[in-house]
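Chemist: Structure in structure tokens, see below.
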Amino acid sequence: MSEKPPFIPGKILAEGFYHDEVQPVLKTHFSNLRYSAALVGSGSEVLGYDTEMSADHHWGPRVMLFLEPDAYENMRDSIRDVLGQKLPTTYRGYSNNFSEPDPDDNGTQTLQPIASNPVNHRVETFTVAGFFGDYMNVNIQDRLEPIDWLTIPQQKLRSITAGKVFYDDLGLKDIIKRFSWYPHDVWLYILAATWTRIGQEEHLMGRAGFIGDEIGSSIITSRLARDIMRLVFYMEKEYPPYAKWFGTAFFGLKSAGKLKTALSGMLKAGSWEEREGYFCSAGTALVEMHNGLGITAPVPAEASPFWSRPFKVIQGDKIAAVIIDKITDPQIIPLTKPSLIGSIDIFSDNTDLLADVSFRTKIRKLYE
């Protein structure tokens, strides 16, 4: 049995594979071809979080080729066939040959060693418009409206902007740059919606515990912890990834260290009083971070009593209100009049809804 090659992060592997193997074949056999080459979209390696475990499916030397529409229609098969014959069977110790997609496992492909060409490689071809249409359900010729931004899952936005373009005849980098962050007032709306969620539940953590429901209190606490973490992503203008990498990405943020002790305490505490103490510490740090943004006048950072009840809160709803007052976009102001549901990631916890962008057209109705 051959020795297992040392692990190479997939994005680094892909970039080397393109420059060392794919580009020379294209130069020799398709010298006039205009294209862009990249690794963007789905895959833990695109986010930079892949490990040796990731190599068990959909992982390996791969490149995405973006072609002009005519070339895509007329040349994609010949490009695939030539690469199949000319690419080496391995690259840096990894097979370049993939299994056929498994219809019983979501089309999963795995690396399968092969002795001779042709290789069933994963140098996949797309048009730019076709890729963004399929992956995000957007037309790159159109300007994104506020509702478009709110209905594109953040995990999709992150996986587009976290990728890397290796070669670019077609302006792919400029298209990706359009998705780098939300327009200012969309950002304010999302901040306000997340503060609203905190305001709606922060007193419930203590209320549930007060009547002896520590499990219920713990569940509410975990929801609050997630919203606190989301706010830090938003304040630092970073899209959160999907659940598997949410915590990993969070602790890569500049401000995460200020909250680590408080968040860990919230989630590990055995009583509602303990949870509340850690929550207040986290809330104070969060409000100080808000004040540091300078988007509103400073708001009090200290926790205060919830009416006459024995619970302390940071009054997330009041912070939301002062943020809303700063929104001036005439397309966003009407969205602040009903309840602030925020973006699709904020109001939904459904994996299919966040993964299947065909739902975007139906979700738009929530805002119209």
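Chemist: Which number in (1) assigned by TED's automatic domain parsing to the domain that holds Leu293; (2) surrounded by fewer than 23 Cβ atoms within 10 Å (Cβ to Cβ) marks the one condition that Trp195 misses?
Modeler: (2)
Chemist: Among the numbered criteria (1) modelled with pLDDT under 95; (2) closer than 20 Å to Phe166 by Cβ, which one does Leu67 miss?
Modeler: (1)
Chemist: Considering Tyr18, Tyr91, which residue is modelled with pLDDT of 95 or more, in contact with a strand residue (DSSP E or B) (Cβ under 6 Å, 6 or more places away or on another chain) and surrounded by 17 or more Cβ atoms within 10 Å (Cβ to Cβ)?
Modeler: On inspection, the qualifying residue turns out to be Tyr18.
Chemist: Restricting to segment 331-360, and then to whatever is hydroxyl-bearing (Ser, Thr, Tyr) and over 20 Å from the mean Cα position of the chain (by Cα), can you tell me which residue is surrounded by the fewest Cβ atoms within 10 Å (Cβ to Cβ)?
Modeler: Within segment 331-360, the match that is surrounded by the fewest Cβ atoms within 10 Å (Cβ to Cβ) is Ser339.
Chemist: Check Gly212, Gly216 and return the single one that is more than 15 Å from the chain's Cα centre (by Cα), on the phi > 0 side of the Ramachandran plot, surrounded by fewer than 20 Cβ atoms within 10 Å (Cβ to Cβ) and at pLDDT 95 or above.
Modeler: When all the criteria are applied, what remains is Gly212.
Chemist: Conditions first: (1) over 30 Å from Ser358 (Cβ atoms); (2) free of Cβ contacts under 8 Å to residues at least 40 places away in the same chain. Tyr91 passes all but one, so which condition is the exception?
Modeler: Here Tyr91 meets the rest and fails (2).
Chemist: Let me ask something else. Of the residues Ala71, Ala55, Ala37, which is within 19 Å of Thr127 (Cβ to Cβ), in contact with a Phe, Trp or Tyr (Cβ under 8 Å, 6 or more places away or on another chain) and in a helix (DSSP H, G or I)?
Modeler: Within the list Ala71, Ala55, Ala37, the selection yields Ala71.
Chemist: Residue pairs, Cβ under 6 Å, 6 or more apart or interchain, first in segment 266-283 and touching a residue at least 40 places away in the same chain (Cβ under 8 Å) and farther than 14 Å from Ile215 by Cβ, second hydroxyl-bearing (Ser, Thr, Tyr) and in a helix (DSSP H, G or I). List them.
Modeler: Met266/Thr221; Met266/Tyr278
Chemist: While we're looking at this one, here's another question. Being modelled with pLDDT of 95 or more and surrounded by fewer than 17 Cβ atoms within 10 Å (Cβ to Cβ) is true for just one of Trp181, Trp187. Which residue is that? So that I can check it myself, show each step before the final result.
Modeler: Numbers: Trp187 fails: surrounded by fewer than 17 Cβ atoms within 10 Å (Cβ to Cβ).
Result: Trp181 is the single residue among Trp181, Trp187 that is modelled with pLDDT of 95 or more and surrounded by fewer than 17 Cβ atoms within 10 Å (Cβ to Cβ).
Chemist: Has segment 26-44 got any residue that is among the charged types (D, E, K, R) and in contact with a strand residue (DSSP E or B) (Cβ under 7 Å, 6 or more places away or on another chain)?
Modeler: For segment 26-44, residues among the charged types (D, E, K, R) and in contact with a strand residue (DSSP E or B) (Cβ under 7 Å, 6 or more places away or on another chain): absent.
Chemist: State whether one or more residues within segment 146-159 are farther than 25 Å from Phe250 by Cβ, β-branched (Val, Ile, Thr) and either part of a helix (DSSP H, G or I) or at pLDDT below 95 (or both).
Modeler: Yes, because at least one residue in segment 146-159 is farther than 25 Å from Phe250 by Cβ, β-branched (Val, Ile, Thr) and either part of a helix (DSSP H, G or I) or at pLDDT below 95 (or both).
Residue-wise test of (1) over 27 Å from the mean Cα position of the chain (by Cα); (2) assigned to a loop (DSSP other than H, G, I, E, B).
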site	(1), (2)
Gly84	yes, no
Val119	yes, yes
Arg143	no, yes
Val165	no, no
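Chemist: Also, quick follow-up: Of a type outside the set (S, T, N, Q), out of contact with any Phe, Trp or Tyr (no Cβ under 8 Å at 6 or more places or on another chain), in a helix (DSSP H, G or I) and free of Cβ contacts under 8 Å to residues at least 12 places away in the same chain - does that describe any residue in segment 125-133?
Modeler: Here is the first cut: in segment 125-133, the ones of a type outside the set (S, T, N, Q) are 126, 128-133.
From the residues that got through so far, the ones that are out of contact with any Phe, Trp or Tyr (no Cβ under 8 Å at 6 or more places or on another chain) too are 129, 132-133.
Those still in the list that are in a helix (DSSP H, G or I) too: 129, 132-133.
Subsequent filtering for residues that are free of Cβ contacts under 8 Å to residues at least 12 places away in the same chain retains 133.
Within segment 125-133, one or more residues are of a type outside the set (S, T, N, Q), out of contact with any Phe, Trp or Tyr (no Cβ under 8 Å at 6 or more places or on another chain), in a helix (DSSP H, G or I) and free of Cβ contacts under 8 Å to residues at least 12 places away in the same chain.
Chemist: Please go through segment 157-183 and pick out each residue that is within 16 Å of Ala129 (Cβ to Cβ), among the hydrophobic types (A, V, I, L, M, F, W, C) and touching a strand residue (DSSP E or B) at 6+ places or on another chain (Cβ under 9 Å).
Modeler: Leu170, Leu172, Ile176
Chemist: Could I ask something else about it? Looking only at residues in segment 284-327 that are touching a Ser or Thr at 6+ places or on another chain (Cβ under 8 Å), β-branched (Val, Ile, Thr) and farther than 24 Å from Ala262 by Cα, which one is surrounded by the fewest Cβ atoms within 10 Å (Cβ to Cβ)?
Modeler: Val322
Chemist: Of the residues in segment 147-156, how many are out of contact with any Pro (no Cβ under 8 Å at 6 or more places or on another chain), buried (at least 19 other Cβ atoms within 10 Å of the Cβ) and under 19 Å from Asp134 (Cβ atoms)?
Modeler: 4
Chemist: Considering each residue of segment 284-323, count those that are over 25 Å from the mean Cα position of the chain (by Cα) and not in a strand (DSSP E or B), and give that number.
Modeler: Total satisfying the criteria: 25.
The values are calculated or read from the model by the stated rules, or taken from the named source; none is laboratory data. From a predicted model like this one, the values you see are computed outputs, not experimental measurements. Don't worry about glycine lacking a Cβ; one is built from the backbone with ideal geometry, like all the others, and counts go over all protein chains shown.
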